[in-house]
1. In deg cm²/dmol and to the nearest 500, what is the mean residue ellipticity at 222 nm of the chain if only DSSP H runs of at least 4 residues count, each as -39500 (n - 2.57), divided by the residue total?
2. At 1.4 Å probe size, with every protein chain present, just tell me what the per residue accessible area of the chain comes to in Å².
3. Restricting attention to the range 1-49, which trypsin sites (Lys or Arg not before Pro) occupy a DSSP loop and are surrounded by at most 12 other Cβ atoms within 10 Å?
4. Determine the share of the chain's accessible area contributed by carbon and sulfur atoms, expressed in whole percent, with a 1.4 angstrom probe.
5. May I ask for the Rg/Rh ratio of the chain, computed from Cα atoms with Rh as the Kirkwood radius, given to two decimals?
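The values are calculated or read from the model by the stated rules, or taken from the named source; none is laboratory data. Not measured: the values here are computed from a predicted model. Don't worry about glycine lacking a Cβ; one is built from the backbone with ideal geometry, like all the others, and counts go over all protein chains shown. For accessibility, only protein heavy atoms count, side chains too; no ligands or nucleic acids. Shrake-Rupley method; radii C 1.70, N 1.55, O 1.52, S 1.80 Å.
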Amino acid sequence: MQVKVERLPGRTDDAARVLLQLEGTAEPSGLASELFRDDGVLDVELSAAAEEE
């Protein structure tokens with residue numbers, strides 16, 4: 001649904017924060033581990049969006 005990339009402040013390298021917003025019913029942890037399986041990835045955080053009423 002959305003991809004957002006922000007450079008990390010105070011860094012001179014290519015470090016960035018990436019937000020990948022997905023929609024679906026499958027468990028996201030398997031997808032996240034495949035997408036971010038790289039030595040350069042420092043952290044991965046998964047969170048569920050609040051359901052809209």
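1. Numbers: 1 runs with 8 residues, N = 53.
Taken over the chain, the calculation gives -4000 deg cm²/dmol.
2. Values: 5310 Å² over 53 residues.
Per residue, the chain has an accessible area of 100 Å².
3. 11, 37
4. Working: 2570 of 5310 Å².
The computed percentage sits at 48.
5. Values: Rg = 13.2 Å, Rh = 13.0 Å.
We get a ratio of 1.01 for the chain.
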